Amino acid sequence: MAYILELNREKLRMASRQELANAIRALSMDAVQKANSGHPGAPMGMAEIGEVLWNHHLNHNPVNPNWANRDRFILSNGHGSMLIYSLLHLTGYDLPMSEIQSFRQLHSKCAGHPEYGYAPGVETTTGPLGQGISNAVGFAMAEKLLANQFNKPGHDIVDHHTYVFLGDGCLMEGVSHETCALAGTWGLGKLIAFWDDNGISIDGHIEGWYTDDTAGRFESYGWHVVRNVDGHDFDAVDKAIQEAKKITDKPSLICCKTIIGKGSPNKSGSHDCHGAALGEDEVALTRKELGWAHDPFVIPQDVYDGWNQKDKGQQREAAWNEKFAAYEKEHPELAKEFQRRMSNQLPTDWQQKSDAFIKDTNASGDKVATRKASQNAITKLAEMLPEFVGGSADLTGSNLTSCASFEHVSGKKPGNYISYGVREFGMAAIMNGMALHGGILPFGGTFHMFTDYMRNGMRMSALMKQRVIYVLTHDSIGQGEDGPTHQPIETTSGLRFIPNMEVWRPGDATETAVAWVQAVENLNNPTSLVLTRQGVGFHERTDAQLAGIKKGGYVLCDCDNYQVILIATGSELDLAMKSCEALKAEGIASRVVSMPCTHAFDRQDQAYKDSVLTPGVKRVSLEAGVTDYWRKYVGLDGASVGIDTYGESAPGGKLFEHFGFTVENVVKTVKSVL
């Protein structure tokens, strides 16, 4: 009888909260040790915070990681990736122990830093510090904007929090200042961040280089701040979260005092456990210190039971489904629209309307700057795409990114056009968060030259294959009097070298219209639209040529027995057409190829590419930027009319003449290769 009672007691045994937290520590130190690479300190230091949030507050469903109304969790201090992998595994996501054991190995879902699209439940790629918290601002802003559009009295179908873990490094990065200031201005009350205040970075104790009053800084942004929370006290963390949830008009920062690497007898509290495995001996000592008597990668069933969120998650989603069914009955069209947008589908009449828009643009023949043609496109597309959320980094009147139908976000008032202020990097990171959240198609504008400020955010768009549209105006020396600091030279080619980044440099209004439509239809990649300040000409297209624009490169002007092919983009398309006429007058037959998107052209089959760029015919490229990129098209026996120095301060027309963008120089260059 005693034996049976003991068995029943064992079956009924529930793991303590400390044991649940220690499971994170064990998995983290074991995985890092097996890989002999990684960051065990943060997961071990934030284990209790993870337990409180994921077991008692996070509204999620491990069975369906894509549930529309789930809370979003972001590990901004992404180097501590074993924290999120442990949480996902323990709570029941499809992340088996075999993946944990292959941490940081080729093709493992448990990559060195959390990678979007690898492990289920990872909402965004983090690792470049500061961008996770910045993405989180985008997630929370998306929630606010969608709630404003879709929620109706008695029907709060968009109603979820965004939770973020972040460390000192995230707070040191400048982008966190840009985005957290906006979060306060926007009053994102459903954004709750946990600062892992452990006083350690890779170089050691941070007081020699980081002495900010972080709590005061966030209060000045308009955040609610919960100070001096013991990050290892379950009840204190729980109380702080409950307090933060009650504040609905401000984002909250919970300042959690923690010990990095907690549980390690000799390395906790120091940078020795920040970015390296503890070592076999220290792992053994840590097991003893924690009272964790289990072998590496062994989790007792009662610990799994204490973490498992599958049943609760199913119940949460089922309850929301009931709410949505009631909403759908009362607001069927809105419900249908919500489902379309959250599934990232274009409207059913998109093809018909977008085709008509392109044809109308071609028929109108407007001779305008491509930035103005872009604004015309935005105006038309906004009528078709309620998911549009536009914006600019304090250059709306120059980028021409707004239109009459947009409602401007102002302070805590929602809308569908955002003035980000002079915050290019922050804009990119926030747009990434909005795109990742779903239901929103973000685009943002700045001067092309200022992509240097936000390049890493653009790279993250491409790495995560997110549909974010960058409107980049004042694209060359044509920018004019502002001089070389504002004149892109290497910038367009630099963007083309980013994998998955689609770069369009259209030559007139029609190509701009096609570029915008292609950007919207490119569901799995970001797009950079590189646009002129100055006016450009117009070239009417046949239906075949309109189709050719979509292929990235096509024959705009042709003749028999051509001796040279002029390849042009953007504002230099006009120059190519004029040069074609001048060459003809000198008895030199030429073909003009417009190549607004090299990426789209490169994807075409060889037969098409050969039909445009005829093998054996000499080629000359024309683009107001660096020339090296064009060698892949013109070859070593071709030539490029470009600019490989910085610009100057003068009117744009004078600069084009000064740097050789003239018919005379093009003719001279053609003759040099024939």
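Values computed for the structure shown
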item	result
Selected residue (criterion: surrounded by the fewest Cβ atoms within 10 Å (Cβ to Cβ)) from residues of the stretch 247-275 that are small (G, A, S), over 13 Å from G199 (Cβ atoms) and modelled with pLDDT of 95 or more	S252
Wholly enclosed helices (runs of 4 or more DSSP H) of the stretch 285-379 bearing at least 3 residues touching a residue at least 24 places away in the same chain (Cβ under 8 Å) and more than 23 Å from Y93 (Cβ to Cβ)	310-330, 332-342, 350-364
Residue list for the stretch 33-72, restricted to those being open to solvent by 10 Å² or more (accessible area, probe 1.4 Å) and either among the basic types (K, R) or more than 25 Å from the chain's Cα centre (by Cα) (or both)	Q33, K34, A35, N36, S37, N55, H56, H57, V63, R70
Tally of residues being in a loop (DSSP other than H, G, I, E, B) and free of Cβ contacts under 8 Å to residues at least 60 places away in the same chain across the stretch 87-114	12
Number of positions in the stretch 223-246 that are touching a residue at least 40 places away in the same chain (Cβ under 8 Å) and either surrounded by fewer than 20 Cβ atoms within 10 Å (Cβ to Cβ) or in a helix (DSSP H, G or I) (or both)	8
Residue, most open to solvent (accessible area, probe 1.4 Å), within the stretch 554-582, restricted to residues that are part of a helix (DSSP H, G or I) and within 21 Å of G652 (Cβ to Cβ)	K578
Cβ-Cβ under 9 Å pairs, at least 6 apart or on other chains, the stretch 497-508 side closer than 12 Å to V468 by Cα, far side open to solvent by 20 Å² or more (accessible area, probe 1.4 Å) and of a type in the set (K, R)	N500/K465; M501/R459
Residue in the stretch 115-129 that is most open to solvent (accessible area, probe 1.4 Å), counting only those that are in contact (Cβ under 8 Å) with a residue 60 or more places away in the chain and small (G, A, S)	G117
Residue count, the stretch 263-275 (criterion: within 34 Å of the chain's Cα centre (by Cα) and either free of Cβ contacts under 8 Å to residues at least 60 places away in the same chain or assigned to a helix (DSSP H, G or I) (or both))	3
Residue list for the stretch 363-378, filter: within 26 Å of K465 (Cα to Cα) and either modelled with pLDDT under 95 or open to solvent by 20 Å² or more (accessible area, probe 1.4 Å) (or both)	R371, Q375
Test: residue in the stretch 75-86 that is surrounded by 24 or more Cβ atoms within 10 Å (Cβ to Cβ) and assigned to a strand (DSSP E or B)	yes
The stretch 88-114, subset more than 24 Å from Q131 (Cα to Cα) and in contact with a Ser or Thr (Cβ under 7 Å, 6 or more places away or on another chain), residue surrounded by the most Cβ atoms within 10 Å (Cβ to Cβ)	E99
Single residue of Y453, Y420 found to be modelled with pLDDT of 95 or more, open to solvent by 20 Å² or more (accessible area, probe 1.4 Å) and among the aromatic types (F, W, Y)	Y453
Members of the stretch 422-454 found to be part of a loop (DSSP other than H, G, I, E, B) and closer than 15 Å to G138 by Cβ, listed by number	R423, G438, G439, I440
Qualifying positions in the stretch 380-414 - free of Cβ contacts under 8 Å to residues at least 40 places away in the same chain and open to solvent by less than 10 Å² (accessible area, probe 1.4 Å)	none
Any chance I260 is among the aliphatic types (A, V, I, L, M), under 27 Å from G184 (Cα atoms) and touching a residue at least 24 places away in the same chain (Cβ under 8 Å)	no
Candidates D360, D311 - the one that is more than 30 Å from V52 (Cα to Cα), out of contact with any helix residue (DSSP H, G or I) (no Cβ under 8 Å at 6 or more places or on another chain) and at pLDDT 95 or above	D360
Residue ID - farthest from I49 (Cα to Cα), chosen from residues in the stretch 187-210 that are of a type in the set (F, W, Y) and surrounded by fewer than 24 Cβ atoms within 10 Å (Cβ to Cβ)	W209
Residues located in the stretch 353-371, provided they are within 17 Å of Q534 (Cα to Cα) and under 26 Å from the mean Cα position of the chain (by Cα)	T370, R371
Residues of the stretch 487-504 classified as in contact with a helix residue (DSSP H, G or I) (Cβ under 7 Å, 6 or more places away or on another chain) and either within 26 Å of I440 (Cβ to Cβ) or open to solvent by 10 Å² or more (accessible area, probe 1.4 Å) (or both), total	9
Qualifying residue in the stretch 130-137 (condition: open to solvent by 10 Å² or more (accessible area, probe 1.4 Å) and not aliphatic (A, V, I, L, M))	no
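The values are calculated or read from the model by the stated rules, or taken from the named source; none is laboratory data. All of these numbers come straight from a predicted model, not from anything done at the bench. Don't worry about glycine lacking a Cβ; one is built from the backbone with ideal geometry, like all the others, and counts go over all protein chains shown. With ligands, DNA and RNA removed, areas are computed over all heavy atoms of the protein, side chains included. Shrake-Rupley method; radii C 1.70, N 1.55, O 1.52, S 1.80 Å.
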